[in-house]
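Visitor: First, the structure itself, so that you have it in front of you.
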């Protein structure tokens, strides 16, 4: 179990690097980043610096680092086309025997652009030459600030984007813990919705957790005045608790 | 951002160590484990070895390691009482100036016994002396085996225990991606449920991922013959996809 996994020639690695702290990468992520020939670092258009790149800075020596610019656009076709172009470049590097690691904030399979790149690579690269390394997702960092369980016993956890408020309202009654990503842009609407459902005191919020500075932690939204906040805002709403069902109750169903 | 966090005297750390591979701990988890005075390692009654302890073995030197035995019992009261007892012991260590780290497989706030210990500590220890370090949860490791997105765009991810089949059936229509923990014990019932909903081909399963040996990965459950499998089995069901809603559609709601 202590075998060290390092970047191999001709292989591609999708690396989750966690929220943005250099010490919240996994050891495996560090080992692969340190040994890769080429690091791809995605950067949304308009962002003035790459958080992801800053997080891995202590692990960079002579790797070739390439920034992949992309637009934050709610358009599936143009998004996939952009990443298919990146996939072609990755395939060229891999067939030339290079090891390529794409870094992603959070986890590469949870609301991450890396998923589009993996789709684009699926046809051109053997599955055995692709490795995904999971990373700490923002909801885990957010929850860690409050010290209490996201889920216990029979609780259901729902994780979704806050952007579709009707879907958010429905979700409130379909789970015990609701985690909303991208809560920053619709904060006023969310507060109104929580007030309507008498859930303000059960809702918490973290912005830019473990990203070095600008962290905002709100323990109880009932006394919170909305302010301009980052896109990277995670809300955790405890809608209820679902304890263990007794075995006989389970069998009756 | 490259400040190193180490275990401090009188502090308690709830450390998620990920699925069981030594290289899937975060750097922060390793730093705290290496610098802690006392490591608490939970072990369910009847388990013949501690996976968690094996995972951190490379990081152990002269720390005092204590095994915390507990029963896997679906009884809230006796569970909390057991952990309140452990909390008393932790408080004694902390007031004697020791640093104490409790390790947990996965993430300490996602279906983890550590949550009961944190509840037990909340009254006796300053919040500032408690730190939770998130860890890679089993669903992330499971998903990493398949290389495709858990969620994209407006997808809703639901994470729950498989034990209550009626709740599982309801969840199938309330999310796009359903992740079931503890799927091993009810595998036949789950397969029948998926067949009924024509979702067998959209369901995948991983048992004991990244735990060194005995890993079972099933990419498509439509051609799977159930077998005796570990309690630690995670099923991922892709019930659908929910693309970006256009802004005008959002406003209409």
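Any read-out appearing in this document is the output of simple, stated calculations on the displayed coordinates, not a laboratory observation. This is a predicted model, so every value here is computed, not measured. Note that we place each Cβ from the backbone using ideal geometry, even for glycine, and neighbour counts take in every protein chain shown.
Visitor: How much of the DSSP bridge set in the protein assembly as shown is antiparallel, in percent, rounded to the nearest 5?
Guide: 40
Visitor: Assuming R0 = 35 Å, can you tell me the calculated FRET efficiency for the pair residue A:192 and residue A:71, based on Cβ-Cβ distance, to the nearest 0.05?
Guide: Given R0 = 35 Å and the Cβ-Cβ separation, E is 0.70.
Visitor: Hey, how many Å between the Cα centroid of segment A:106-141 and the Cα centroid of segment A:27-55?
Guide: Using only Cα atoms to place each centre, the spacing works out to 14 Å.
Visitor: Shifting gears a bit: Can you sort A:40, A:53, B:60 so the residue with the fewest Cβ neighbours within 10 Å comes first?
Guide: B:60, A:53, A:40
Visitor: What FRET efficiency would be calculated for the residue pair residue A:127, residue B:96, taking the C-beta separation as r and a Förster radius of 35 Å, to the nearest 0.05?
Guide: Calculated value: 0.10.
Visitor: Quick check: convex hull of the Cα atoms in segment B:12-136, volume per residue, rounded to a whole Å³?
Guide: Hull volume over Cα atoms, normalised by residue count, gives 96 Å³.
Visitor: Can you work out D for segment A:139-238 in µm² s⁻¹ from Stokes-Einstein, where Rh is the Kirkwood radius over C-alpha pairs, the temperature is 10 °C and the viscosity is 1.306 mPa s?
Guide: 119
Visitor: Using only Cα atoms, locate the centre of segment A:215-237 and the centre of segment B:167-198, then give the distance between them in Å, rounded to an integer.
Guide: Cα centres, segment A:215-237 to segment B:167-198: 34 Å.
Visitor: Moving to a separate point now. When DSSP beta bridges are limited to those with both residues in segment B:139-238, what percentage is antiparallel, rounded to the nearest 5?
Guide: 70
Visitor: May I ask you to sort A:179, B:218 by Cβ crowding, counting other Cβ atoms within 10 Å and putting the fewest first?
Guide: By the 10 Å Cβ count, ascending: B:218, A:179.
Visitor: Also, I was wondering about something else. Using a Förster distance of 35 Å, how high is the FRET efficiency between residue A:148 and residue B:173, based on the Cβ-Cβ distance and rounded to 0.05?
Guide: For residue A:148 and residue B:173, the calculated efficiency is 0.75.
Visitor: Tell me, A:241, A:28 in order of fewest to most beta-carbon neighbours within 10 Å?
Guide: By the 10 Å Cβ count, ascending: A:241, A:28.
Visitor: Something else now. Once all Cα-Cα distances of segment A:1-63 are split into 5 Å bins that start at 0, what whole-number percent is in each one?
Guide: Distribution as computed: 3, 17, 29, 25, 15, 7, 2, 1, 0 percent.
Visitor: Hey, what did segment B:139-238 get for relative contact order, percent, Cα under 8 Å, at least 6 apart?
Guide: About 31 percent, as a whole number.
Visitor: Note the angle between two axes, namely the Cα long axis of helix B:76-95 and the longest principal axis of the Cα atoms of chain B, as a number of degrees from 0 to 90, rounded to the nearest 10.
Guide: 40
Visitor: Please figure out what share of the DSSP beta bridges in segment B:12-136 is antiparallel and state it in percent, rounded to the nearest 5.
Guide: 5
Visitor: By how many degrees, between 0 and 90 and to the nearest 10, does the Cα long axis of helix B:187-196 differ from the longest principal axis of chain B?
Guide: 30
Visitor: So what is the relative contact order of chain B, in percent, for Cα pairs below 8 Å that sit 6 or more residues apart?
Guide: 20
Visitor: At 0.890 mPa s and 25 °C, plugging the Kirkwood radius over alpha-carbon pairs of segment A:47-197 into Stokes-Einstein gives what diffusion coefficient in µm²/s?
Guide: Diffusion coefficient, whole number: 134 µm²/s.
Visitor: So which residue, out of A:176, A:34, A:189, gets the largest mean-square fluctuation from a GNM of chain A using Cα contacts under 10 Å as springs?
Guide: A:189
Visitor: Right, another one. Points 7 angstrom from Cα along the Cβ direction at residue B:228 and residue B:43: gap in nanometres?
Guide: 2.3
Visitor: What percent of all Cα-Cα pairs in chain A falls in each 5 Å bin, counting up from 0?
Guide: Each 5 Å bin holds this share of Cα pairs: 1, 6, 12, 15, 16, 14, 12, 10, 7, 4, 2, 1, 0.
Visitor: Using Cα pairs under 8 angstrom and six or more residues apart, how large is the relative contact order of segment A:1-125, in percent?
Guide: This gives 38 percent for segment A:1-125.
Visitor: I'd like the mean, over residues of A:3-9, of how many other protein chain beta carbons sit within 10 Å of each residue's own Cβ.
Guide: 1
Visitor: Compute the Rg to Rh ratio over the protein assembly as shown from the alpha carbon atoms, using the Kirkwood formula for Rh, and round to two decimal places.
Guide: Rg/Rh: 0.94.
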